[in-house]
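Undergrad: Structure in structure tokens, see below.
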Amino acid sequence: MAGRDGDAPLDAAFVLEWIRELAGQIREQRDYLTQLDAAIGDADHGINMDRGFTEAISAVPHAEGRSPGDVLQAVGRTIINTVGGAAGPLFGGGLRSAGKRLGEQAYFDAEDLLAAMRAGLESIQGLGAAAVGDKTIVDAYVPALEAFERELRAGGDLASAAARAREAAEEGMRSTIPLQARKGRASYLGPRSVGHQDPGATSTALLFAALERTARARLAVTEERP
Ligand code: ADP
Ligand code: MG
């Protein structure tokens, strides 16, 4: 395998492991995500996300014969089609755009993933027009990508970049608590949205937590090899 183990090429199976890990975390956190949405929305975020990701993993049962980009696009499309509300088109569209950016290549690396996740962010902001500080997905996503890139530039591998991204996403998620929502359903509450953590920023932190776990698991497997 080329390069250091931490830089081993990533494939479609890696993407599917990431999505399955995320689906598992969303299932575990479903009630919590829904409670967060009950405070400033309509109490469906955990239910929406769980429905979408459960459907996505059954729509893409294995990675054979698919490129990594194809897996992400299929997952994104399923989420768009099965999840109503704001989060379905935003999350699903983000994953689909990330998949498009990965294209048809069989392998990708951490730099390709950064570019793909940037394309995902562009899609989310293109559709939802939210900026950092509006109390949305974007508040976790933007700092996570910045931390991911910083760690890669400092010579880190995928697992350490994903770890920094997860930490930054969690910090961004917590930063939504004192904010007043300016986008989405929570914005209808005006100042009453202050003091509550944003559900979409919380599930975005799970996206990066799942990436970290998947990357660490992959690293452990490659390090076991002689
Ligand atoms: P809905 O608000 O339609 O019930 P969900 O409850 O599933 O959909 O998702 C709510 C989450 O969607 C919010 O917590 C917020 O993070 C995210 N969201 C809403 N509007 C936007 C937007 N314009 N840009 C980015 N994220 C948004
Ligand atoms: Mg909702």
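Undergrad: Just a yes or no: is a residue in segment 8-21 open to solvent by 60 Å² or more (accessible area, probe 1.4 Å), farther than 22 Å from ALA159 by Cα and not hydroxyl-bearing (Ser, Thr, Tyr)?
TA: no
Undergrad: Let me ask something else. Only one of these is touching a residue at least 12 places away in the same chain (Cβ under 8 Å) and crowded, with 24+ Cβ neighbours inside 10 Å: ALA162, ALA129, ALA110. Name it. Working first, answer last.
TA: Working: ALA129 fails: crowded, with 24+ Cβ neighbours inside 10 Å; ALA110 fails: crowded, with 24+ Cβ neighbours inside 10 Å.
Exactly one residue qualifies, and that residue is ALA162.
Undergrad: Oh, and also: Can you tell me which residues in segment 210-224 are touching a residue at least 60 places away in the same chain (Cβ under 8 Å) and over 23 Å from the mean Cα position of the chain (by Cα)?
TA: THR222, GLU223
Undergrad: In segment 166-223, which residues are within 16 Å of ligand 2 (Cβ to nearest atom), among the hydrophobic types (A, V, I, L, M, F, W, C) and open to solvent by 50 Å² or more (accessible area, probe 1.4 Å)?
TA: None; the set is empty.
Undergrad: Looking for whichever is of a type outside the set (S, T, N, Q), modelled with pLDDT under 95 and surrounded by 24 or more Cβ atoms within 10 Å (Cβ to Cβ) here; the options are VAL75, VAL71, VAL83. Which one fits? Write out each step before concluding.
TA: Working: VAL75 fails: modelled with pLDDT under 95; VAL71 fails: modelled with pLDDT under 95.
Being of a type outside the set (S, T, N, Q), modelled with pLDDT under 95 and surrounded by 24 or more Cβ atoms within 10 Å (Cβ to Cβ) holds for just one of VAL75, VAL71, VAL83, which is VAL83.
Undergrad: ALA147 - would you say it is without any contact (Cβ under 8 Å) to a residue 24 or more places away in the chain and buried (at least 18 other Cβ atoms within 10 Å of the Cβ)?
TA: Considered against the rule, which asks whether it is without any contact (Cβ under 8 Å) to a residue 24 or more places away in the chain and buried (at least 18 other Cβ atoms within 10 Å of the Cβ), ALA147 comes out as yes.
The values are calculated or read from the model by the stated rules, or taken from the named source; none is laboratory data. These numbers come from a predicted model, not from an experiment. Ideal geometry is used to build each Cβ from the backbone, glycine not excepted, and the neighbour counts take in all protein chains shown. Please note that ligands, DNA and RNA were not included when accessible areas were found on the heavy atoms of the full protein model with its side chains. Shrake-Rupley method; radii C 1.70, N 1.55, O 1.52, S 1.80 Å.
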